[in-house]
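None of the figures in this text is laboratory data; all of them are computed from the coordinates on show. Note that the structure is a prediction, hence the values are computed from the model and not measured. For neighbour counting, all protein chains shown are included, and Cβ atoms are generated from backbone atoms with ideal geometry for every residue, glycine included.
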Amino acid sequence: MSVPNDPSDSTESSGGAEKVPSRTRKRFPGISSRAYEHPADRSALVALRKLTGFDTAFKALSGLLPERSLRLLFLSDSVRVSDQQFAHLNVMLLDACYILDLEKVPSMYVTQDPQPNAMCIGMDSPIIVVTTGLVELLDEEEMRAVVGHEVGHALSGHSVYRTILLFLTNLAVRVAWIPLGNLAILAIVTALREWFRKSELSADRAGLLVGQDLQASMRGLMKIAGGNHLHEMNVDAFLKQAEEYEAAGDLRDSVLKIMNVLPRTHPFTTVRAAELKKWSESRDYQRLMDGHYPRRSEDKDTSVYDTFKESANHYAENVKTSKDPLMGLIRDISTGAGDIGGKLRNKFTGPGGTQTTTQERPADETQDGPGDSPENGPRAE
């Protein structure tokens with residue numbers, strides 16, 4: 001199935017309703033997925049693409065992977081999107097492929113599941129699956145961003161590695177009785193999940209490029225977090241939650257945040273919203289919208305070193321600007337700040353969190369009594 005020259009040729013559903021927005025949106029001919037990929041996602045993908053035969057080797061394992069089974073499952077027990085079934089989603093799919101210039105249109109299915117969800121999997125040919133819960137939850141422009149999100153996964157080649165992740169996750173469960181084997185697979189799964197969380201941020205950006213409506217993207221994320229109650233929600237308040245989440249608490253909370261996110265394939269929804277808004281206000285996004293972006297024809301010349309350097313710079317900048325207590329401690333250590341012990345204590349317990357307060361006495365009344373001498377311990381200052 002190939003993308004039409006202009007999706008406006010297919011904007012009429014059986015009911016005659018227009019499904020492609022009348023507002024003008026930009027198209028990105030020949031765009032490379034590097035244009036919107038998160039630096040950590042991009043560096044990993046560039047390195048993998050440079051490994052000769054890497055994708056071929058993975059695809060050779062397709063007999064061991066659940067792809068064939070999944071294709072048959074969706075074909076037999078879900079509804080395939082077409083101009084005859086879920087026609088409005090079909091137009092959105094064609095539109096997203098047109099905007100991102102993806103020539104081979106992925107197959108798309110709607111599956112019965114009240115949980116709002118979508119995914120893009122597959123080794124040779126990506127499959128996009130959306131649940132009925134998601135279709136019923138989102139309005140047209142919010143759904144357009146989600147379809148663009150999944151097409152972004154397809155353009156980046158994420159579906160290959162998502163399929164590997166599904167396979168390894170299932171394998172880890174089956175070999176749980178083998179201690180070393182299970183630990184080795186879990187280590188790979190943990191690394192893949194960290195990469196995949198970054199790939200979700202990349203796909204959110206692709207969804208924004210397709211819909212070109214930041215508010216619709218924000219609304220969609222809010223609904224995924226809080227359900228279909230927009231009249232009860234506020235975008236600014238939702239984004240403030242992300243700020244509070246990042247800055248809240250002490251080192252104990254930082255550790256808990258890491259533990260909470262480790263089993264997840266997706267970042268937390270407020271974090272995704274904040275990251276997307278930040279990118280939409282960046283110079284990189286503005287240059288992209290002005291037509292200055294890397295092309296797929298240049299992908300083969302991409303430097304692995306440069307992409308890793310860019311990823312390292314991104315993380316360094318995050319540490320520099322983050323309000324997270326753990327990142328603050330890392331900054332203090334890296335800059336050689338004094339009283340690291342005191343800072344470490346404060347970040348674990350909060351300022352004065354476990355210190356015993358002592359009534360400070362006037363200077364002329366201060367005397368060394370029992371237990372107050374420097375040898376026995378410091379006085380309150």
Open item on the list: Could you give each residue of the stretch 27-32 its phi-based ³J(HN,Hα) in whole Hz, using Karplus coefficients 6.51, -1.76, 1.60 with θ = phi - 60°, and x for Gly or Pro?
Closed with: 10, 10, x, x, 4, 8
Open item on the list: Show me, for the stretch 131-143, the HN-Hα J-couplings you get by feeding each phi into the Karplus relation (A = 6.51, B = -1.76, C = 1.60, θ = phi - 60°), rounded to Hz, glycine and proline as x.
Closed with: 8, 4, x, 6, 4, 6, 7, 9, 7, 4, 6, 5, 5
Open item on the list: Under 5 Å between amide hydrogens, which residues at least 5 positions from Ser32 or on another chain qualify, with H placed 1.01 Å from N in the peptide plane?
Closed with: Arg295, Arg296
Task: Residues whose placed amide H lies under 5 Å from that of Val81, excluding near-sequence neighbours - done: Met108, Tyr109, Val110
Open item on the list: At 0.36 nm per residue, and after removing the present C-alpha to C-alpha distance, how many nm does the segment from Ser280 to Lys104 gain when stretched out fully?
Closed with: 60.6 nm
Open item on the list: Sort 90-99, 281-290 by the packing proxy (mean of other Cβ within 10 Å over each peptide's residues), most packed first.
Closed with: 90-99, 281-290
- [ ] Under 12 Å from the Cβ of Asn228, count the other residues' Cβ atoms, weight Lys and Arg +1, Asp and Glu -1, and hand me the total.
- [x] -2
Open item on the list: Cut-off 15 Å, label point 7 angstrom out along Cα-to-Cβ of Arg80: give me the residues of the stretch 101-138 whose amide nitrogen falls inside.
Closed with: 105-111, 125-129
Open item on the list: Once you place label points 7 Å from the Cα toward the Cβ at Ala247 and Thr132, how far apart are they in nm?
Closed with: 4.4
Task: Paramagnetic label zone (point 7 Å from Cα along Cα-to-C-beta, Ser69; backbone N under 17 Å) in the stretch 116-147 - done: 121-123
Task: Members of Lys104/Lys223; Lys26/Lys278; Lys26/Lys240; Lys26/Lys223; Lys104/Lys278 lying beyond 22 Å, as alpha-carbon distances in this model show - done: Lys104/Lys223; Lys26/Lys240; Lys26/Lys223; Lys104/Lys278
